Amino acid sequence: MQRLTRLLLGAATLALASPVLAEDSSDPIVIPIHNWSSQIVMSNVVGQIFEGMGNSVEYVSTDSQAVYEAVRLGDATLELEVWEGAFGASFRAAVEKGGIHDVTTHNAVTREDWWYPMWTKEACPGLPDWQALNECAALFATPETGEKGRFLGGPVDWLKHDQEKVDALGMNFVVVNAGSAAALWAEIAAAEKDKTPIVLFNWTPNFAEAVWPGEFVNFPEWVEGCDKDPAVGPIPDKVYDCGNPANGYLKIAAWDGMKDKWPGAYAALQKVNFTNAQIAEMAKLVDIDGMEPEDAATAWLEANEAVWTSWTE
């Protein structure tokens, strides 16, 4: 930790010495924390960089949809993981109101949709086609769902519209929402023991793709508007008759006032950029290695000095 502090302070000297930037405010930069590991670790990574530059940072647990309104109003300063599939609509709505803007886009490419581990395909060979999945629905039935298959969705606040998709496509499934990302991983691990077929919400990047090889279900291709306009998509009178974007963005957003209140931190934020592999590693440090998020962030910074030091220059 002492070595990391020295590295951060050295970077801070370069950043704060810049003649173009005014001095950052002494008020804390408020970084929201959500309910999945990569976002929590990434927030601590960036927060520790800001602290190394001499800033004060406050972490606040925030709903992952309401956060865009909080940033727009300046109650939170930034959001480091704007996933297109889960949060694109909330982000765009906030941008239209004003007060929040798109800072930059990570190199990481995202996908968020129904997913299954490969042992499930052995039981339902027509996968990844969604119609084949529907024909195999009985394989996924539980006492909770009766004769219908269970789809285990993410936490309700992720707003994936899985029930609307089931209704639009006439699928023989019941959507049951997990309480957290950890609950999803626990369900996969339990199913792995006797290779019980399971279909659930998953996303990339995260560590799970390295631990449990699997595939996303292929639904009708996402077309802009298929979630809003019944005329868009394969079923004329339905919305959500499509999958989620297969190559989604991962953006960083910030309060409009950040660049004036914390110009040094904002200049660094504009350079922040993570890949799929880096984000998966952050999640793994917590979900597999069992580290606390702040310790995982410190470890990541120490192991990846070459990645981030230029962000503070």
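The values are calculated or read from the model by the stated rules, or taken from the named source; none is laboratory data. All values reported here derive from a predicted model rather than from experimental measurement. For neighbour counting, all protein chains shown are included, and Cβ atoms are generated from backbone atoms with ideal geometry for every residue, glycine included. We work out accessible area using only protein heavy atoms, side chains counted, and drop any ligands, DNA or RNA first. Shrake-Rupley method; radii C 1.70, N 1.55, O 1.52, S 1.80 Å.
Numbers below:
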quantity: Per residue, in Å², the accessible surface of the chain once ligands and nucleic acids are set aside, probe 1.4 Å; calculated: 42 Å²
quantity: Accessible area (Å², 1.4 Å probe, nearest 10) - SER56; calculated: 50 Å²
quantity: Where only alpha carbons of the chain are counted, the Rg and the Dmax (Å); calculated: 21.0, 68
quantity: Residues of type lysines that LYS284 reaches as a straight line, Cα spacing below 26 Å, ignoring anything fewer than 8 places off in the same chain; calculated: LYS121, LYS160, LYS193, LYS195, LYS251, LYS271
quantity: For region 210-272: rounded, prolate or oblate by the Cα gyration tensor [a/c cutoff 1.5]; calculated: oblate
quantity: Accessible area of region 238-313 belonging to carbon and sulfur atoms, whole % at 1.4 Å probe; calculated: 48 percent
quantity: For a label point 7 Å along the Cα-to-beta-carbon line of ASP63, residues of region 34-56 with backbone N under 19 Å; calculated: 34-36
quantity: Cα centroid separation, region 198-237 to region 49-82 (Å); calculated: 28 Å
quantity: Options ALA89, VAL30, GLN131, ranked by Cα towards positive dipole end of the chain, top entry (Cβ charges); calculated: VAL30
quantity: Antiparallel %, DSSP beta bridges [both residues in the chain], to 5; calculated: 60 percent
quantity: For region 54-122, size of Cβ-based charge dipole, Lys and Arg +1, Asp and Glu -1, in debye; calculated: 120 debye
quantity: Loop GluC sites (Glu not before Pro), region 129-174 (other Cβ atoms within 10 Å of the site Cβ: 11 or fewer; DSSP); calculated: GLU144, GLU147
quantity: Heavy-atom accessible area order for LYS259, LYS160, largest first, 1.4 Å probe; calculated: LYS259, LYS160
quantity: Surface share of carbon and sulfur [accessible, 1.4 angstrom probe, percent] for region 111-216; calculated: 54 percent
quantity: Helix-derived mean residue ellipticity, 222 nm - over the chain, DSSP H n ≥ 4, -39500 (n - 2.57), to 500; calculated: -11500 deg cm²/dmol
quantity: Mean-position separation - Cα centroids, region 118-143 and region 252-312, in angstrom; calculated: 38 Å
